1. Counting just the residues of region 330-370 that are part of a helix (DSSP H, G or I) and polar (S, T, N, Q), which one comes out surrounded by the fewest Cβ atoms within 10 Å (Cβ to Cβ)?
2. Taking K294, is it closer than 19 Å to G149 by Cα and modelled with pLDDT of 95 or more?
3. Which numbered condition in (1) farther than 30 Å from Q157 by Cα; (2) touching an Asp or Glu at 6+ places or on another chain (Cβ under 6 Å) is the only one that D79 fails?
4. Of the residues that sit in region 84-136 and are in a strand (DSSP E or B) and small (G, A, S), which one is farthest from E353 (Cα to Cα)?
5. For residues that are polar (S, T, N, Q) and over 24 Å from the mean Cα position of the chain (by Cα), scanning just region 60-85, find the one that is surrounded by the most Cβ atoms within 10 Å (Cβ to Cβ).
6. Restricted to region 232-288, and to residues that are of a type in the set (D, E) and either modelled with pLDDT under 95 or closer than 27 Å to I365 by Cβ (or both), which residue is farthest from the chain's Cα centre (by Cα)?
7. Scan region 268-296 for residues that are part of a loop (DSSP other than H, G, I, E, B) and either in contact with an Asp or Glu (Cβ under 7 Å, 6 or more places away or on another chain) or among the small types (G, A, S) (or both) and jot them down.
8. What single numbered condition from (1) modelled with pLDDT under 95; (2) within 11 Å of V7 (Cα to Cα); (3) not acidic (D, E) fails to hold for K132?
Amino acid sequence: MFDVIVVGAGPVGSYAARRLTEEDLNVAVLEEDEKVGSDVICTGIIGKETFDGFRLPKGAVICSIKSMRFFSPSHFSIDYMPSNILAYVVDRKLFDQEVLRSAKEAGANVRLGSKAVGIRINKEFGEVQIQKEGSQEKMRGRVIVLATGVSYRLHKQVGFSSPPAFLQGTQVETKVKDLRETEIYLGRDISPGSFAWVVPLDGSQARVGTLTRNRGASYLEHFLKETLKDRVEEIPKVMLKPIAYGPISRSAGDRILAVGEAAGQVKTTTGGGIIYGLICSEVATQVITGAFRKGDFSYRQLKEYERLWKGRLGRELRMGKLARQVLGRLSDRQIDKIFKLVGEKAKVKELMETKIKFDYHSDLISFGLKLIKGFVWG
């Protein structure tokens, strides 16, 4: 009998396990893969404040992002060059392994190659059925934390839903000529309602991707062949991943919580899930430790988790969806008009930059919507 069983050893599950263990709880981590971090499709950008605030291991950092350049459909550009480092780009395989190692060092019982195939909740405990090397066993915990990423096969068994919708994240890693900073591209032919990115790594290597509602591979291939045609020599096979777009209807129940992508706790602007998952893991740790103090693991007690995390991130999720809706309605000509306005009016650009926070976008979106209303639709 464990105090907490965490299902999933991605960075969010591993971080939650570490924090719960640091609160003197007996924690087990179940991971279906023999090694974590393999075949992860992710740009691997994590804000500097996130690294510092959550005490993340920096051994997996490849490089830092110090500036960004944004391009309109007609290639008007806007540069953003803050005085401090914005974010780090990590090797996701190594990053996932290091976060899991920190959980083990804190005292979590990690079981790799152990696939959770069933969950049963009763009044006394939660029971996880595990498949390992062809055999099956059962493990019990007073509380279960689902950190299964974009796998939702266990959700129905515990009364949870899947996210209301999904986006398509696509990416390749290839060489890009003349790349000095992170580049962001907007346009209906590039990624309607969203954007494409080019993130430099070591040397001339870069991660190139798009975030779309559908036809993600087609949009990325078009971006590589047209927009970057003179800068890319080789177009590797496009990797594609579904990304939760909006939270699940309920992320807490009797003796169970969901965190990270398993709960749909993903930025509705960029599709990034690590920071939101870490925030919600902290909230989950707070609520679960409170449940142990009271000896109450019912939904009545654990629903506080949902209230708290939605209080922290609800506005961000809503504003991100609104931004996508508005951007999806803008023509390329209107996007060009906004870029020209910001580029020509220094005061507008300066004011816009005061609204920028790497991990929190609602203030910038609010400013942008007012700008669009006044100068595009006004």
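The values are calculated or read from the model by the stated rules, or taken from the named source; none is laboratory data. Keep in mind that what you see is a predicted model, and the values were worked out from it rather than measured. Reconstructed Cβ throughout: ideal geometry from the backbone, glycine too, with neighbour counts over all protein chains shown.
1. Applying the first criterion (part of a helix (DSSP H, G or I)) to region 330-370 yields 332-344, 346-354, 362-370.
Within this subset, residues satisfying the condition of being polar (S, T, N, Q) are 334, 354, 362, 366.
Details: Q334: 17, T354: 10, S362: 20, S366: 15.
Per the criteria, the residue is T354.
2. Details: closer than 19 Å to G149 by Cα: no; modelled with pLDDT of 95 or more: yes.
Here the answer is no, as K294 does not meet what is asked.
3. Failed condition: (2).
4. Pass one, region 84-136, residues in a strand (DSSP E or B): 87-90, 109-112, 115-121, 126-132, 135-136.
Now drop any that are not small (G, A, S), which leaves 87, 116, 118, 126, 135.
Details: A87: 16, A116: 46, G118: 48, G126: 48, S135: 56 Å.
Residue satisfying both the conditions and the ranking: S135.
5. As a first pass, look at region 60-85 and keep what is polar (S, T, N, Q): 64, 67, 72, 74, 77, 83-84.
Still in the running and over 24 Å from the mean Cα position of the chain (by Cα): 72, 74, 77, 83.
Working: S72: 22, S74: 12, S77: 13, S83: 5.
Here the answer is S72.
6. Filtering region 232-288 down to residues of a type in the set (D, E) leaves 233-234, 254, 261, 282.
Checking the rest, the ones that are also either modelled with pLDDT under 95 or closer than 27 Å to I365 by Cβ (or both) come to 233-234, 261, 282.
Details: E233: 30, E234: 28, E261: 7, E282: 16 Å.
Residue satisfying both the conditions and the ranking: E233.
7. So the first thing to find is which residues in region 268-296 are part of a loop (DSSP other than H, G, I, E, B), and the list is 268-273, 295-296.
Scanning region 268-296 gives G271, G272, G273, G295.
8. (2)
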